[in-house]
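Below is one structure, written out as structure tokens, with a few remarks after it.
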Amino acid sequence: MAPRIGLYFPYVHIRDAAWVKATALYWPALARVAGADYPVHDSDTVRALADGLDFIRQVSPGPAAEAIAPHFIRVIREHHAELHRYFGVSPDDIDESDPSDPQWRPVNRYGRPGEVWRPRDERTSLVEVHWEEFAPTLRQALLDSELGLNTRRPTLLSGDEEYDWMSVDPKFAWVYKMALTDELSRRHGLTPITDNPASQQQVHDWDQARIAAELFDHRPPGRARYRRSPC
């Protein structure tokens with residue numbers, strides 16, 4: 001029987017040094033989702049575990065991202081008007097913080113399970129997901145439907161080198177990250193684990209129906225309640 005390997009989610013950078021040290025005592029390795037071009041800026045603890053013990057592994061999102069893209073594209077096509085009403089994006093929404101900085105945003109930056117829809121003027125800002133985490137077809141669908149923006153800029157530690165990010169609504173990012181984690185864990189035989197307890201029980205069985213249900217807060221399109229997010 002192959003050893004269990006954990007799949008860290010929903011982030012790339014591990015935020016809790018004590019958590020990852022404890023994880024290394026019980027798991028043979030910890031995978032994380034990062035494309036070849038992702039600008040990783042790890043803490044000393046994570047670098048020691050990755051370089052010295054080969055504990056941290058990189059998993060490409062490519063095939064899994066391709067597999068889940070049709071689910072999201074169908075949801076976008078079927079409910080474009082309602083999705084744009086709540087998750088539509090504008091350049092004015094972009095946060096100029098460094099999207100690769102481990103301290104960039106609090107741990108709930110992708111939203112919380114059960115977070116309801118809220119009018120766009122109650123949204124604080126967009127968040128960035130790395131360009132490589134989306135299949136090309138879904139990237140184009142997000143751009144065409146004005147649910148995503150291509151943001152190209154350097155990070156705090158990359159000098160003049162620029163990277164591509166997809167800026168989306170925080171809740172849309174959270175739903176996408178959960179679906180991607182679900183697909184990756186099944187394809188690679190990984191066990192999703194996280195230092196964000198609110199997400200731990202939310203990672204399984206992400207199909208088209210659940211994607212739509214979570215985005216619409218389990219209510220039919222057009223019947224979302226208008227109240228402020230609990231974040």
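The values are calculated or read from the model by the stated rules, or taken from the named source; none is laboratory data. Here the structure is a predicted model, which means the values were calculated and not measured. Every residue, glycine as well, gets a Cβ built from its backbone with ideal geometry; the counts of neighbours run over all protein chains shown. The accessibility values were calculated without ligands, DNA or RNA, using every heavy atom of the protein model including side chains. Shrake-Rupley method; radii C 1.70, N 1.55, O 1.52, S 1.80 Å.
Pairing residues of region 37-61 that are free of Cβ contacts under 8 Å to residues at least 12 places away in the same chain with residues that are surrounded by 15 or more Cβ atoms within 10 Å (Cβ to Cβ) and of a type outside the set (Lys, Arg), at Cβ distances under 8 Å and at least 6 apart in sequence or on separate chains, gives Ala50/Asp42; Ala50/Ile56. Checking each residue in region 85-95 for being touching a residue at least 24 places away in the same chain (Cβ under 8 Å) and open to solvent by 50 Å² or more (accessible area, probe 1.4 Å) picks out Arg85, Pro91. Scoring Pro39 on the criteria (1) surrounded by 19 or more Cβ atoms within 10 Å (Cβ to Cβ); (2) at pLDDT 90 or above leaves a single failure, condition (2).
For region 43-69, give me the residue count where each residue is open to solvent by 50 Å² or more (accessible area, probe 1.4 Å) and in a helix (DSSP H, G or I). It would help to see each step written out before you state the result.
Of all residues in region 43-69, those open to solvent by 50 Å² or more (accessible area, probe 1.4 Å) come to 43-44, 47-48, 51-54, 57-58, 60, 63, 66.
Okay, now just the ones that are also in a helix (DSSP H, G or I), so 44, 47-48, 51-53, 63, 66.
Number satisfying all stated conditions: 8.
Would you mind stating whether Thr124 is open to solvent by 60 Å² or more (accessible area, probe 1.4 Å), modelled with pLDDT of 90 or more, out of contact with any strand residue (DSSP E or B) (no Cβ under 9 Å at 6 or more places or on another chain) and of a type in the set (Val, Ile, Thr)? Quick ask: steps written out before the conclusion?
Values: open to solvent by 60 Å² or more (accessible area, probe 1.4 Å): yes; modelled with pLDDT of 90 or more: no; out of contact with any strand residue (DSSP E or B) (no Cβ under 9 Å at 6 or more places or on another chain): yes; of a type in the set (Val, Ile, Thr): yes.
Judged against the criteria, Thr124 is not a match.
Pairs are defined by a Cβ separation below 6 Å, a sequence spacing of at least 6 or placement on different chains, a first member in region 141-166 that is open to solvent by 20 Å² or more (accessible area, probe 1.4 Å), and a second member that is modelled with pLDDT under 75 and among the basic types (Lys, Arg); the pairs so defined are Glu162/Arg153.
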